[in-house]
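The next block holds one structure in the form of structure tokens; read it before the comments.
The values are calculated or read from the model by the stated rules, or taken from the named source; none is laboratory data. Note that the structure is a prediction, hence the values are computed from the model and not measured. Note that we place each Cβ from the backbone using ideal geometry, even for glycine, and neighbour counts take in every protein chain shown.
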Amino acid sequence: VDLPKEYGGGKATVIAWIWARTVPSPDPAFADVQVPIASSFLLSSKKGKEAWIAPIVDKGAKTIRYEIRTKGTKDEIATAKTGTKEGRGANFRCIVSDTAITPDYVKKMGRDGRMGQTLIAIVAEGNRSRVYVAPSEAHEELALSAKPEWKPETGLPDDPRNFWTVDYGLTTFGDLFTDRQLVALNTFSDLVHEARARIEADALAAGLVSDDTPLRDGGKGAKAYAEAVSVYLAFAIDRLADAGSSIATWSTSEFIRFTFARQALPMTWDFAECNVMSTSTGNFQGAVDWVWKALLGFGPNADGHLIQQDAQTVILPEGAVISTDPPYYDNIGYADLSDYFYVWLRRSIKDIYPDLSGTLAVPKAEELVATPYRHGGRENAEKHFLTGMTSAISSLSKQSTSNFPATIYYAFKQSEIEQEGLSSTGWATFIQAIITAGYSIVGTWPVRTERAARTIASGTNALANSVVLVCRKKDASADTITRAEFIRALKRELPPAIAELQAANIAPAWACSRVVRLCSKAMTAR
């Protein structure tokens, strides 16, 4: 991109293109004008480096262009921060006619295929800082000229709590990407196949054995090596898809906020289209580095095995030590969300793992989550979860070794802790399933499992942190405790336990997990 004179002129590499979604103005006099519905025009909130977008409206010509402003007053920054938003949700104001744009109107425009997008800023690599450039018509025309050869047509679930885009006309996973983003992802996916042949040739030249046994069958030769690297590259493409969708946004701290800032697909009104070939945020090299860092944590002295099977029927090796992170009631619909990545994995490596890639979408029918839309209502969903979870944990309990405890994770939503504490329906149902399955809870550990940098919003399904339940098989000959004995045990053990937690400065919400352990121990250890 060409830099303006105030930045010294010349050329600079683009980091990201900033777009705003648009709808036709609701005012009949300007019905042919696509107006921006942007949640913010602020680009940088860093002290001394403030920058924002100023829309310039020409009502006579019925046009809107965008300029970049820097620094400015607190009022100017505050105005830019709100974009064209008016309150919560999809409430906006038309910047041409000053007419209100309601959520129902936005939804109708989306469902009717009349929601568009307009380029409102370009972020470029400057000398030790970001540079913000006003877009031209040529920039937008070039971006919109991209024509992908393929796009994922897998439909999004009718789950408005976790998939907000469906109400606005974005109903397939392919709809979540711009055409230029699809071209980029298709290109990288196609290159995985080309790279595999070259990797195998290089491996043979380096002395690796010529062995036709594939990776999925335990191959150790050049073919399996090339397939393994291809899998890692496919993971990097999935990481790139996380950065490169029309749900990803630009942070005023000057980086791209990825699609999955929380465990859901929200609707975003302005988004950042990253340049995957830059050296900054959202690039392909960064995606590869992310995968490489994960690989560094793998144990080098043991093989890992992945089986896609119902937990209620799985047969474990004799003497297996169990550590499981099961679904969390209705908190996260992982199977539904997994399709976002699965459609790209399947395109890149379906011939390496044909058994795992045999379906167009991730299997969901047996997933143990209380999903009302999938089970015809909340009551049936809860019954499905409790019955299935009890069956699955009972199977694990029967196959547990008495030599080692089992560890079972439970993660809480931020809103679950704020609104219900550890007495929530999901938590209570989960504990009931464990006790009914024949386990005794002998310990609880609060564990920080979520990155502090993620987006958290009250009322969303963003995870907070986890509790690990340490369980042992209950002795079948144990006596049944009476209510009086239970109360005496609590009076005896709770006061010193609470004092210990207070001394250790444990947060109140996680202190509840210790209480749960004491109660469970009193109920099940006899």
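From the list Glu67, Glu76, pick out the single residue that is farther than 21 Å from Phe255 by Cβ, assigned to a strand (DSSP E or B) and of a type outside the set (Lys, Arg).
Within the list Glu67, Glu76, the selection yields Glu67.
For region 358-411, give me each residue that is under 23 Å from Pro446 (Cα atoms) and either in contact with a His (Cβ under 6 Å, 6 or more places away or on another chain) or surrounded by fewer than 16 Cβ atoms within 10 Å (Cβ to Cβ) (or both).
If the condition is that a residue be under 23 Å from Pro446 (Cα atoms) and either in contact with a His (Cβ under 6 Å, 6 or more places away or on another chain) or surrounded by fewer than 16 Cβ atoms within 10 Å (Cβ to Cβ) (or both), then Phe404 is the only one that fits.
State all residues of region 12-49 that are surrounded by fewer than 16 Cβ atoms within 10 Å (Cβ to Cβ) and within 24 Å of Glu273 (Cβ to Cβ); if no residue qualifies, say none.
Result: Thr13, Lys46, Lys49.
Count, please, the residues in region 355-389 that happen to be in contact (Cβ under 8 Å) with a residue 40 or more places away in the chain and either in contact with a strand residue (DSSP E or B) (Cβ under 8 Å, 6 or more places away or on another chain) or in a loop (DSSP other than H, G, I, E, B) (or both).
11
Does Arg347 count as more than 30 Å from Ala428 (Cβ to Cβ), among the basic types (Lys, Arg) and touching a helix residue (DSSP H, G or I) at 6+ places or on another chain (Cβ under 7 Å)?
Yes; evaluated as a whole, the condition is true for this residue.
Need a quick list: strands (runs of 3 or more DSSP E) entirely within region 238-294 having at least 1 residues that are among the charged types (D, E, K, R) and buried (at least 20 other Cβ atoms within 10 Å of the Cβ).
Ranges flagged: 255-257, 270-274.
Residues that are under 21 Å from Glu140 (Cα atoms), surrounded by 15 or more Cβ atoms within 10 Å (Cβ to Cβ) and charged (D, E, K, R): does region 66-83 have at least one?
Yes, there is a match, as at least one residue in region 66-83 is under 21 Å from Glu140 (Cα atoms), surrounded by 15 or more Cβ atoms within 10 Å (Cβ to Cβ) and charged (D, E, K, R).
Hey, among the residues in region 117-133 that are on the phi < 0 side of the Ramachandran plot and not in a strand (DSSP E or B), which one's modelled with the lowest pLDDT?
Asn127
Counting residues that are within 13 Å of Tyr132 (Cβ to Cβ), which strands (runs of 3 or more DSSP E) fully inside region 1-64 reach at least 1?
Result: 14-24, 42-44, 51-58.
Does at least one position in region 3-11 carry a residue that is in contact with a Gly (Cβ under 9 Å, 6 or more places away or on another chain), hydrophobic (A, V, I, L, M, F, W, C) and surrounded by fewer than 20 Cβ atoms within 10 Å (Cβ to Cβ)?
yes
I'm trying to understand the selection: among the residues of region 79-115, which are free of Cβ contacts under 8 Å to residues at least 40 places away in the same chain and outside any loop (DSSP other than H, G, I, E, B)?
Thr79, Arg93, Pro103, Asp104, Lys108
For residues that are at pLDDT 75 or above, surrounded by 12 or more Cβ atoms within 10 Å (Cβ to Cβ) and not aliphatic (A, V, I, L, M), tally how many sit in region 458-491.
Within region 458-491, residues that are at pLDDT 75 or above, surrounded by 12 or more Cβ atoms within 10 Å (Cβ to Cβ) and not aliphatic (A, V, I, L, M) number 9.
Just to be sure I understand the filter: pairs with C-beta atoms under 8 Å, separated by 6 or more residues or on different chains, first member in region 314-327 and touching a residue at least 24 places away in the same chain (Cβ under 8 Å) and at negative phi, second member surrounded by fewer than 14 Cβ atoms within 10 Å (Cβ to Cβ) and part of a loop (DSSP other than H, G, I, E, B). Which pairs pass?
So the pair list comes out as Val314/Ile307; Val321/Phe404.
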